[in-house]
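Inspection log for the structure reproduced underneath, given as structure tokens.
The values are calculated or read from the model by the stated rules, or taken from the named source; none is laboratory data. None of the values given here were measured: they were computed from a predicted structure. Don't worry about glycine lacking a Cβ; one is built from the backbone with ideal geometry, like all the others, and counts go over all protein chains shown.
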Amino acid sequence: MNHPNLKRETRYGLPEADQILYNRHYVLGYSYYFRQAKWALEIVDPDFTNVARKDHFRSDYRIPEKFRADKEVYVNSGFDRGHLVASANQIETKIQNSETFLLSNMCPQVPEFNSGVWKRLEEAVRHLDSDEKVFETYVISGPLFYFDQEVIMMGDDDPNIKVSLPIPHAFFKSVLTERNTGTIYMWSFIIPNEKTNAPLEDFLVETSKVEKVSGLFLWETLKGTKIMGKKNKIKKMWKL
């Protein structure tokens, strides 16, 4: 197993989880309680190649069977296997792209959400990363559950499914960039798991709000007062 201090993407911190999965090109924190990831942390790959999307959806057998959701839970469920680490963010090599199709990197998403606003946000992050003034773009994404709302279970009514899945009410994405001036910028989003045509700006929130709702500490190695203060502010959306 790789030591977290050797993983580039953990430079600005590594939230807690029941099981940390160190992949070749991203790190993921898994929740045994929710049977899915709490978060997935990556550096957006700036290299554009001819590697095609692999669609190698497969179980992650590093997770204990009693806590592991497999492919059958998604069959005829009406929900997509939604990526946390986007396939299109990891396209330098075949194995790099294929690795994003581990089911540990998937959460149940409403199809119109997955192919709509979530995809738009992923594309916007890649556009941000393409700015020549940006050295690296770090992204952490994950599901959110609101305990004052009903949690619907996917696969609960099928006796052949070993592990059912709770459907997230929303998803978060927090984006941090290193710029060539040494400046660090931070944006965070919370988006309901539903169809929407609203602009991405409408979903910007304080990073501290994501922390409060998710129960995670984000970017915790940023110790400077000026930088940490950015967690309590909403930065204007970058130009698309």
**Message:** Taking the criterion of being within 18 Å of Leu28 (Cβ to Cβ), at pLDDT 85 or above, in contact with a Phe, Trp or Tyr (Cβ under 9 Å, 6 or more places away or on another chain) and assigned to a loop (DSSP other than H, G, I, E, B), would at least one residue in the stretch 89-100 satisfy it?
**Reply:** yes
**Prompt:** Mind checking which residues of the stretch 114-130 are farther than 23 Å from Leu14 by Cβ, touching a strand residue (DSSP E or B) at 6+ places or on another chain (Cβ under 9 Å) and free of Cβ contacts under 8 Å to residues at least 40 places away in the same chain?
**Reply:** Asn114, Ser115
**Message:** Taking the condition of being assigned to a strand (DSSP E or B) and surrounded by fewer than 20 Cβ atoms within 10 Å (Cβ to Cβ), how many residues in the stretch 127-151 meet it?
**Reply:** 4
**Fill in**
Checked against (1) surrounded by fewer than 16 Cβ atoms within 10 Å (Cβ to Cβ); (2) in contact with a Ser or Thr (Cβ under 9 Å, 6 or more places away or on another chain); (3) closer than 18 Å to Asn105 by Cα; (4) not acidic (Asp, Glu), Met154 satisfies every condition except (1)
**Criterion (in contact with a helix residue (DSSP H, G or I) (Cβ under 9 Å, 6 or more places away or on another chain) and farther than 27 Å from Pro111 by Cβ) met by exactly one of Lys173, Lys223, Lys239** = Lys239
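Name the residues in the stretch 47-88 that are of a type in the set (Val, Ile, Thr) and modelled with pLDDT of 90 or more, would you?
Once the filter is applied, which keeps residues that are of a type in the set (Val, Ile, Thr) and modelled with pLDDT of 90 or more, the stretch 47-88 yields Ile63, Val73, Val75, Val85.
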**Request:** Collect the residues in the stretch 156-210 that are β-branched (Val, Ile, Thr) and either in contact with a strand residue (DSSP E or B) (Cβ under 7 Å, 6 or more places away or on another chain) or closer than 23 Å to Lys233 by Cβ (or both), keeping them in residue-number order.
**Result:** Ile167, Val175, Thr177, Thr181, Thr183, Ile184, Ile190, Ile191, Val205, Thr207, Val210
**Message:** Looking at the stretch 152-182 only, could you name the residues that are among the β-branched types (Val, Ile, Thr), farther than 16 Å from Ser31 by Cα and in a loop (DSSP other than H, G, I, E, B)?
**Reply:** Ile152, Ile161, Thr181
**Request:** Could you tell me whether any residue of the stretch 140-161 is touching a residue at least 12 places away in the same chain (Cβ under 8 Å), farther than 18 Å from Val73 by Cα and charged (D, E, K, R)?
**Result:** no
**Message:** Need the failing condition index for Lys119 against (1) more than 27 Å from Tyr32 (Cβ to Cβ); (2) in a loop (DSSP other than H, G, I, E, B), just the number.
**Reply:** (2)
**Complete:** Those residues of the stretch 166-199 that are hydrophobic (A, V, I, L, M, F, W, C), over 17 Å from the mean Cα position of the chain (by Cα) and at pLDDT 95 or above come to a total of 1
**Asked** Could you list, in sequence order, the residues of the stretch 196-218 that are among the small types (Gly, Ala, Ser) and either assigned to a helix (DSSP H, G or I) or in contact (Cβ under 8 Å) with a residue 24 or more places away in the chain (or both)?
**Response** Ala198, Ser208, Ser214
**Item:** Hits in the stretch 84-105 - residues which are out of contact with any Asp or Glu (no Cβ under 8 Å at 6 or more places or on another chain) and surrounded by fewer than 23 Cβ atoms within 10 Å (Cβ to Cβ)
**Value:** Ser87, Thr93, Lys94, Ile95, Ser98, Glu99
**Prompt:** Based on what the data block shows, is Glu112 part of a helix (DSSP H, G or I) and modelled with pLDDT of 95 or more?
**Reply:** yes
